[in-house]
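For reference, the structure discussed in these notes is given below.
No lab work stands behind these numbers, since they all come straight from the coordinates. Computed from a predicted structure; not experimentally measured. Ideal geometry is used to build each Cβ from the backbone, glycine not excepted, and the neighbour counts take in all protein chains shown.
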């Protein structure tokens, strides 16, 4: 079930995001570089940060609102829970949350391995953006009209 994230969830959310990233076979150096960026902080807590909790956190979603545009900052599912519809449910939550805050568009800097999932959710690639943590790496910029 989807619920608001709390301070007590922060360590488990970081474990989920890093396990999901590691699932794609990235090097330890890459994972270490991404750790801070992909680990929710106390300042992130609020209505835009949720977890999928089923007796343990299995997914994380974080939407950042900026006027009529929202950015899906995080959407990660623990590898043991992939393929069960949790990502789809969290994506739908992200869209609904963004709409409820007045957004007309949702964007995402996607991991290249996840772009197919986002295409299935109706997003299109509108360009590329540089990675915040790995120099020279470009990420697909995805967008969805809400």
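Listed from fewest to most Cβ neighbours within 10 Å, the set 26, 118, 113 follows the order 113, 26, 118. At 7 Å along Cα-to-Cβ for each site, give me the label-to-label distance between residue 69 and residue 19 in nm. Reported label-point gap for residue 69 and residue 19 is 3.4 nm.
Based on the Stokes-Einstein relation at 25 °C and a viscosity of 0.890 mPa s, and on the Kirkwood radius from alpha carbon pairs, the chain is assigned a translational diffusion coefficient of 160 µm²/s.
Our summary gives the chain a relative contact order of 20 percent, counting only alpha carbon pairs under 8 angstrom and 6 or more residues apart. For the pair residue 7 and residue 124, what calculated FRET efficiency results from E = 1/(1 + (r/R0)^6), where r is the Cβ-Cβ distance and R0 = 41 Å, to the nearest 0.05? Using R0 = 41 Å, I get an efficiency of 0.70. The ranking of 115, 7, 126 by Cβ neighbour count inside 10 Å, starting from the fewest, reads 7, 126, 115.
For the residues 75, 45, 106, a GNM of the chain with alpha-carbon springs under 10 Å puts the largest fluctuation on 45. Model label sites at residue 116 and residue 92, defined 7 Å from Cα along the beta-carbon direction, differ in position by 2.3 nm.
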